[in-house]
Amino acid sequence: MSRPLPPDAPVRGSAGLSLIPAFQALPGPVQRLLRAVKVDPERRHASPSAIRWVAALIVANGGSLITDAILVALGKWIFPSTQNFSHFQFSDYAKLTIVGVTVACVAWPAVTWIASQPRWLFLRLAVLVTLVLWLPDLWILAHGEPIRGVGVLMLMHLAIAFVTYPALVRLAPEGPAIVPTRRVELDG
């Protein structure tokens with residue numbers, strides 16, 4: 001036999017403990033702001049399956065490294081003055097690419113866990129992160145690095161976003177919407 005829990009009781013749905021009580025404890029303006037950017041734990045989605053997520057992680061990392069290598073080769077060919085550009089060393093950009101893409105891959109299930117429209121939010125986060133990642137490029141440009149080499153680095157950041165976003169949302173799509181339930185089993 002089950003009966004509804006009081007409104008302040010923790011909620012446990014089919015996908016674990018809910019964020020609803022924490023969300024409802026936030027001030028009204030913060031809740032409205034979060035809902036405006038599609039963060040709404042009352043209307044969240046299930047995370048992608050683990051196997052599909054691992055496949056997307058591998059594809060996103062591999063695709064990003066291949067894309068980076070192609071852009072570096074093209075950059076050196078189009079701009080011969082960048083032949084010795086230190087940031088075009090595979091060991092230099094590969095480790096940063098793998099870390100960045102892996103962080104994005106970890107973020108995708110987290111976004112599905114909190115967002116009512118995960119793809120909408122994740123796309124905007126990808127754009128924002130790409131813009132933020134251009135800041136170090138602009139910093140090294142301001143400190144004397146050649147504009148052509150830095151331009152290729154900025155293009156590499158953009159290309160990584162164009163590889164990673166579709167790999168995640170297509171190969172490891174969010175699960176169905178989760179409707180929180182409030183039940184407690186009584187002995188008797």
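The values are calculated or read from the model by the stated rules, or taken from the named source; none is laboratory data. Fair warning: this is a prediction, and the values are worked out from it, not measured in the lab. Here the Cβ positions follow ideal geometry from the backbone for every residue, glycine too, while neighbour counts run over all protein chains shown.
Residues that are β-branched (Val, Ile, Thr) and touching a Lys or Arg at 6+ places or on another chain (Cβ under 9 Å) are absent from segment 43-56. The requirement of being at pLDDT 95 or above, of a type outside the set (Phe, Trp, Tyr) and within 18 Å of the chain's Cα centre (by Cα) is fulfilled nowhere in segment 134-154; no residue meets it.
Just to be sure I understand, how many residues within segment 78-119 are of a type in the set (Lys, Arg) and touching an Asp or Glu at 6+ places or on another chain (Cβ under 9 Å)? Working first, answer last.
Applying the first criterion (of a type in the set (Lys, Arg)) to segment 78-119 yields 95, 119.
From what's left, touching an Asp or Glu at 6+ places or on another chain (Cβ under 9 Å): 119.
Summing the residues that are of a type in the set (Lys, Arg) and touching an Asp or Glu at 6+ places or on another chain (Cβ under 9 Å) in segment 78-119 gives 1.
In segment 90-108, is there at least one residue being over 20 Å from the mean Cα position of the chain (by Cα) and touching a residue at least 12 places away in the same chain (Cβ under 8 Å)? Yes, the conditions are met somewhere in segment 90-108.
Of the residues making up segment 1-54, those that are outside any helix (DSSP H, G or I), under 11 Å from ILE114 (Cα atoms) and at pLDDT 75 or above are ASP40, ALA46, SER47.
Results for (1) loosely packed, with under 13 Cβ neighbours inside 10 Å; (2) within 26 Å of LEU34 (Cβ to Cβ); (3) of a type in the set (Phe, Trp, Tyr), shown as yes or no for each residue.
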| residue | (1), (2), (3) |
| --- | --- |
| VAL101 | no, no, no |
| CYS105 | no, yes, no |
| PRO109 | no, yes, no |
| ALA115 | no, yes, no |
| PRO118 | no, yes, no |
| ALA126 | no, yes, no |
| MET156 | no, no, no |
| PHE162 | no, no, yes |
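The residues on offer are ALA73, ALA60, ALA69, and the sole one that is surrounded by 20 or more Cβ atoms within 10 Å (Cβ to Cβ), modelled with pLDDT of 95 or more and of a type outside the set (Val, Ile, Thr) is ALA60.
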